[in-house]
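Trainee: Mind having a look at this structure? Questions to follow.
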Amino acid sequence: MRKITVCNGKGGSGKTTATILLGLALVEAGHKAKVLDTDPQNTASRWITDGGLPLGSDDNSATLLIDTPPRLDSPDLRESILESDIVIVVSSPSPADLFTSQDTARLIGELGAADRARLLFNQVQDGTILSRGLEDTAKRIGLQPLNSVLTRRQCYQHAVLLGWNALPPKAKEEVFKMALEVASL
C-alpha cells in the first residue's frame, strides 16, 4: 500500500479538496484509493459519506491518501509524515500561506522526509503576479514544487460533493495531470 500525506499547518489551504480530487482522479484512472481523515473536523469523511464518493476501498493494495489536521503540533500529522511514501504540502501562492508553509516544510525536514515532499500550489489564478512568482515562492517555502498546479475553480467544490463527473473537461485534465505527477513520484 502506497501512503500519501496531504498537509499544511494552516487551515484553508485546500488540503481536503486536493486529497479528494487526487483520490477521484486515481479511481477514475482505474486505481483503488482510500482516504484516511485524521483532521478532527472530519470534512473528508463527511464528503465521502454524503457524496457517496468511491474513496473507501478495503483493498490493502489501494493508495492511502491521508488528510491531516491543520496543526503542526499534531501527533497525527507527524506520524503521517514519518510513515508516508510521499508528502504533499498544499499551499496557495498567497503571502498569507507563506509562513505556515515554510513552517510545514521545516517540520518535514526535521522529520527526515524532505526528499519525499513536494509542494502543490492550489487556488492559482492564471495571469496574476502571484502566479508568475510560483518558482520564487517555492524557493522561499523550501520545497520542490510539482509542475502541476490546481487553479481556482468553483467546480472543485462541486466535485467533492457530486463526484468526478461534476468536473468539466479542462478541470479533469488539470487534476489528472496533478495526479499523474504525484503517482510518478
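Readers should treat all values here as calculations from the given coordinates under stated rules, not as data from a laboratory. Everything numeric here is computed off the predicted structure, so don't read it as measured data. Because the Cβ atoms are built from the backbone with ideal geometry, glycine has one as well, and the counts that use them run over all protein chains shown.
Trainee: Would you kindly state how much longer the chain becomes between Leu180 and Asp136 on full extension, computed as 0.36 nm times their sequence separation minus their alpha carbon distance, in nm to one decimal?
Mentor: Gain on stretching Leu180 to Asp136: 13.4 nm.
Trainee: Something else about it: Restricted to Cα positions, what overall size does the chain have along the principal axes? Three whole-Å values, descending.
Mentor: Rounded to whole Å, the extents work out to 38, 38, 30 Å.
Trainee: What does the highest-first list of 128-136, 174-182, 162-170 look like by mean Cβ count within 10 Å? Provide the component values of the computation, followed by the final result.
Mentor: Working: 128-136: 12.0, 174-182: 19.0, 162-170: 13.9.
Ranking the peptides 128-136, 174-182, 162-170 by packing returns 174-182, 162-170, 128-136.
Trainee: Next up: Under the rule of -39500 (n - 2.57) per DSSP H run of 4 or more residues, summed and divided by the residues of the chain, what mean residue ellipticity at 222 nm is obtained, to the nearest 500 deg cm²/dmol?
Mentor: Values: 8 runs with 83 residues, N = 185.
Per the formula, -13500 deg cm²/dmol.
Trainee: Considering only lysines 8 or more places apart in sequence, or on different chains, count the pairs in the chain whose C-alpha atoms sit under 28 Å apart.
Mentor: Count of close lysine pairs: 24.
Trainee: Please list, ordered by chain and number, the residues whose modelled amide H lies under 5 Å from the amide H of Ala33; skip anything fewer than 5 residues away on the same chain.
Mentor: Amide H neighbours of Ala33: Ser57, Thr63.
Trainee: Using each residue's phi in the range 118-125, evaluate 6.51 cos²θ - 1.76 cosθ + 1.60 at θ = phi - 60° and report the 3J(HN,Hα) Karplus result to the nearest Hz, with x for Gly and Pro.
Mentor: 9, 9, 10, 7, 10, 6, 7, 9
Trainee: Amide H of Cys7: which non-local residues (sequence gap of 5 or more, or other chain) have their own amide H closer than 5 Å, using H built in the peptide plane?
Mentor: Residues meeting the criterion, in which the H sits 1.01 Å from N, are Ile88, Val89, Val90.
Trainee: ³J(HN,Hα) across the range 17-23 via Karplus (A = 6.51, B = -1.76, C = 1.60, θ = phi - 60°), whole Hz, x for Gly/Pro?
Mentor: Values, residue by residue: 4, 4, 4, 5, 4, 4, x Hz.
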